[in-house]
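Written out below as structure tokens is the structure these notes cover.
Just so it is clear, none of the values below were taken in a lab; they were calculated from the coordinates. Small disclaimer: the values here were computed from a predicted structure and weren't measured. Quick reminder, even Gly has a Cβ in these numbers, built from the backbone with ideal geometry, and neighbours come from all protein chains shown.
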Amino acid sequence: GKGEYDHFMLKEINEQPTSLAQALEGRIDPLNGRIALSDFEPGTFDGVDSVQFIACGTSYHAALYGSLALNQAGVHSTALLANEYSVSAPPIDDDTLVIAVTQSGETADTLNALRRAAAEGARTLTVTNVVGSTAAREADDTLFIRAGPEIGVAATKTFSSQAVMLTLLGQRIADDSRGEPPADLESLLPALESMPGKIDDLLEYSTAEAIADRYSRSEAYFFIGRGLGFPVALEGALKFKEITYEHAEGFASGELKHGPLALVTPETPVFAIFTGQEDEKTLKNAEEAQTRGAPVVAVCPDGHPAVEVADEHLRIPDTDPDLAGLVANVQLQLVSYHAADLLDRPIDKPRNLAKSVTVE
Ligand code: F6R
């Protein structure tokens, strides 16, 4: 049941410290600076020279996160919408690994893309929450995210666990594919270990409800981020539109000036996500929106230069840039939740949506 919570979504947002700790249990060994993914011992991905991620919706945002992290670790990778895959798949060869990211493991679009990739000779791997699901059974390998059942239609804890497990898996792939551990493994492992505790604190000090209260009658809501903050901007906007029914869009920070800025007015709050990757540029982009009257909500640690500039601040802990976007996402989940609650939407079952989309 929902226990003390009004909605499953809020319960599942609050479960993230536990679901992430569960995902990581026994899979990292920070003392010895190693990844301990038992099904993926060192050498598992020898010979892989490019990775294609396939997924839909929120899982696509997790996939994009994983793909950008892998590119940063020096491995060629792309994230593709599974429903576009049949017409726009990049070439596959023996050295291509295709990773399906699907919480349910039953999404028809994703299964079709997975089958197509396998038929073309790709090695396949599924990252999923559901043991025994079709995608888990059909792929060569599987990585379970162990998030526990997710009842709310809007994916929350499965997103964070997918993104974290993809970050970890990406490090193993990069290590095998390039023959050397990625430079940031040493800082990543302790950051992963402390992540559940930091999210636990964030859930306590979050001021997302007050921000939602102040802005929930706006005309539209924009989310901007760069690097690993970009998929989080997309996810922030998707969650917001799904459960509030309000217009929300996510952009790469630097894209704002290439068109979307025309939409920006005093009635369109802009949530700017700071991950420690070229934050000064994102701040400049946010200021361009502020100049047009838009309230800017900075999602960043205390003491960050954006705090002084922005109209509002949603605090996140200091953490590794590989993970900062994911803790920022928890604040955005809470903003969406509280905005939808104030607007009296049926949060756990938004109109027109289903938890698992088993038709093409
Ligand atoms: C959004 C949401 C959907 C799913 C998408 C893929 O909150 O839940 O966008 O992420 O339908 O579902 P899975 O991950 O089951 O393949």
Which value, in debye to the nearest 20, describes the size of the charge dipole of segment 69-177 about its Cα centre when Lys and Arg Cβ atoms bear +1, Asp and Glu Cβ atoms bear -1, and nothing else is charged? 360 debye
Magnitude of the charge dipole, segment 217-346, Cβ model with Lys/Arg +1 and Asp/Glu -1, debye to 20: 260 debye
For the chain, the convex hull over Cα atoms projects on average to an area in nm² of 16.8 nm²
Once phi is turned into θ = phi - 60°, what whole-Hz ³J(HN,Hα) does the Karplus curve with 6.51, -1.76 and 1.60 give for every residue of segment 234-241, x standing for Gly and Pro? 5, 5, x, 6, 4, 4, 4, 5
Rounded to the nearest Å, the spacing of the alpha-carbon centers of segment 7-67 and segment 132-155 is 12 Å
Dipole of the chain [Lys/Arg +1, Asp/Glu -1 at C-beta], most positive-end residue of THR124, SER356, ALA79: SER356
At a 10 angstrom cut-off on C-beta neighbours, averaged per residue, how do the peptides 157-163, 41-47, 288-294 rank from highest to lowest? 157-163, 288-294, 41-47
Rh (Kirkwood; distinct C-alpha pairs) - segment 219-260, Å: 10.1 Å
For the peptides 170-180, 222-232, what is the packing order when you average, over each peptide's residues, the other Cβ atoms within 10 Å and list the highest mean first? 222-232, 170-180
Treating the Cα atoms of segment 27-180 as identical point scatterers in vacuum, please give the log10 of the normalised Debye intensity I(q)/I(0) at q = 0.11 Å⁻¹, two decimals. -0.37
Rounded to the nearest 20 debye, what is the charge dipole size of the chain about its Cα centre when +1 sits on each Lys and Arg Cβ and -1 on each Asp and Glu Cβ? 780 debye
How are the Cα pair distances of segment 206-353 distributed, in percent, across 5 Å bins from 0? 2, 11, 22, 25, 21, 12, 5, 1, 0
So which of LYS241/LYS281; LYS257/LYS355; LYS284/LYS349; LYS281/LYS355; LYS281/LYS349; LYS2/LYS198 end up more than 30 Å apart by C-alpha? LYS257/LYS355; LYS284/LYS349; LYS281/LYS355; LYS281/LYS349
Residue separation times 0.36 nm, minus the C-alpha to C-alpha distance between ASP302 and VAL359: what's the value? 16.0 nm
Rounded, prolate or oblate for segment 130-265? Axes are the square roots of the Cα gyration tensor eigenvalues, ordered a ≥ b ≥ c, and the cut-off for rounded is a/c under 1.5. prolate
How long are the three semi-axes of the equivalent ellipsoid for segment 1-85, computed from the Cα gyration tensor as the root of 5 times each eigenvalue, in whole Å, largest first? 29, 22, 10
Let me know the shape class of segment 174-231, please: from the alpha-carbon gyration tensor, a ≥ b ≥ c as square roots of the eigenvalues, rounded when a/c is under 1.5, otherwise prolate if a/b is greater than b/c, or oblate. oblate
Computed [θ] at 222 nm, helices only, for the chain once each DSSP H run of length n ≥ 4 contributes -39500 (n - 2.57): -14000 deg cm²/dmol
Packing-based exposure ordering (other Cβ within 10 Å, fewest first) of ILE92, ILE13: ILE92, ILE13
